[in-house]
1. Exactly one condition in (1) of a type outside the set (Gly, Ala, Ser); (2) touching a Lys or Arg at 6+ places or on another chain (Cβ under 7 Å); (3) buried (at least 18 other Cβ atoms within 10 Å of the Cβ); (4) at pLDDT below 95 is not met by Thr74; state its number.
2. For Gly116, are the conditions met, namely being modelled with pLDDT of 95 or more, over 18 Å from the mean Cα position of the chain (by Cα) and either crowded, with 18+ Cβ neighbours inside 10 Å or not acidic (Asp, Glu) (or both)?
3. Filter region 57-71 down to residues that are on the phi < 0 side of the Ramachandran plot, at pLDDT 95 or above and in a loop (DSSP other than H, G, I, E, B), then give me how many there are.
4. Considering each of Leu10, Leu54, Leu6, Leu25 in turn, give the residue that is modelled with pLDDT under 95, aliphatic (A, V, I, L, M), in contact with a Phe, Trp or Tyr (Cβ under 7 Å, 6 or more places away or on another chain) and buried (at least 16 other Cβ atoms within 10 Å of the Cβ).
5. If a residue has to be under 16 Å from the mean Cα position of the chain (by Cα) and either farther than 20 Å from Val135 by Cα or surrounded by fewer than 16 Cβ atoms within 10 Å (Cβ to Cβ) (or both) to count, how many in region 168-194 make the cut?
6. Do you know which residues across region 1-44 are polar (S, T, N, Q) and out of contact with any Pro (no Cβ under 8 Å at 6 or more places or on another chain)?
7. Where in region 80-164 are there helices (runs of 4 or more DSSP H), lying fully within it, with 2 or more residues that are without any contact (Cβ under 8 Å) to a residue 40 or more places away in the chain, closer than 24 Å to Tyr194 by Cα and of a type outside the set (A, V, I, L, M)?
Amino acid sequence: MSIPELRERLENLPGWLTAEEGETLYRLAGACTGRGVIVEIGSWRGKSTTCLGLGSKAGSSVPIYAVDPHSEHTFGDFQRHMEEAGLTDLVTPVPGRSQELAEGFDQPIELLFIDGAHQYELVQQDFDRWVPKVVEGGVVAMHDTTWFEGPKRVADERIFKSHDFKDARYVFSSMTVATKVAQNTAADRVRNRYGLVVKRSVELTRRVADKDRIPEPLQDIGRLVLRRIQ
């Protein structure tokens, strides 16, 4: 699937991923080799799951486990969107609370996407219980790390300022992505802090000038600048 085709599909799905975030999940899933599975914490109606599934399908078809407590209504929409995308054989829904399900999940993870509960303590629990299952060289992505205090604090403290990740970066408008390592280098930590500075600069800009008041052409320029500096 081409990126324009992916964008067109995402426009018709409910959810809060930006085009850049959806493309990032698509590419990350497509780069997985099968050293571990893909796990998504927080599926809702399946927009991010669709990105992961189509990316995986375009790559090595690494299985995806989609963890979400779901209501009857959201689960019906989720199943329908998986069927429409042709992903039912690749995506396994795992109903329930992610914090409770982590202990019984015994497969290595190559790509972990955290987008579940947003309270700080619950995000911290998701991080503590799922990230250890990620293989070295695997990727952790977190959503809503700019505007929600829980994911924001965990991403800042546990990724950008950590010795356990390299290549930490910000994706417009609220995603943090990093590669898990046994021990990062001093140079890695400098690059991670640079990624944090970029993210906080965007946070500050959007607090001063609300997103809804920023003209679309200026938002496009901002996206272009982010691509070039990262």
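The values are calculated or read from the model by the stated rules, or taken from the named source; none is laboratory data. Model, not experiment: these values are computed from the prediction. Here the Cβ is made from the backbone with ideal geometry for all residues, glycine too, and neighbour counts use every protein chain on show.
1. Condition (3) is where Thr74 drops out.
2. Numbers: modelled with pLDDT of 95 or more: yes; over 18 Å from the mean Cα position of the chain (by Cα): no; either crowded, with 18+ Cβ neighbours inside 10 Å or not acidic (Asp, Glu) (or both): yes.
Criteria not met by Gly116.
3. The number of residues fulfilling the criteria is 5.
4. Numbers: Leu10 fails: in contact with a Phe, Trp or Tyr (Cβ under 7 Å, 6 or more places away or on another chain); Leu54 fails: modelled with pLDDT under 95; Leu25 fails: modelled with pLDDT under 95.
Answer to the check: Leu6.
5. We begin by selecting, within region 168-194, every residue under 16 Å from the mean Cα position of the chain (by Cα); these are 168-180.
From what's left, either farther than 20 Å from Val135 by Cα or surrounded by fewer than 16 Cβ atoms within 10 Å (Cβ to Cβ) (or both): 170-175.
The number of residues fulfilling the criteria is 6.
6. We begin by selecting, within region 1-44, every residue polar (S, T, N, Q); these are 2, 12, 18, 24, 33, 43.
Within region 1-44, Ser2, Asn12, Thr18, Thr24, Thr33 qualify.
7. Working: elements: 98-101, 120-130, 149-155.
In region 80-164, the matching helices (runs of 4 or more DSSP H) lie at 120-130, 149-155.
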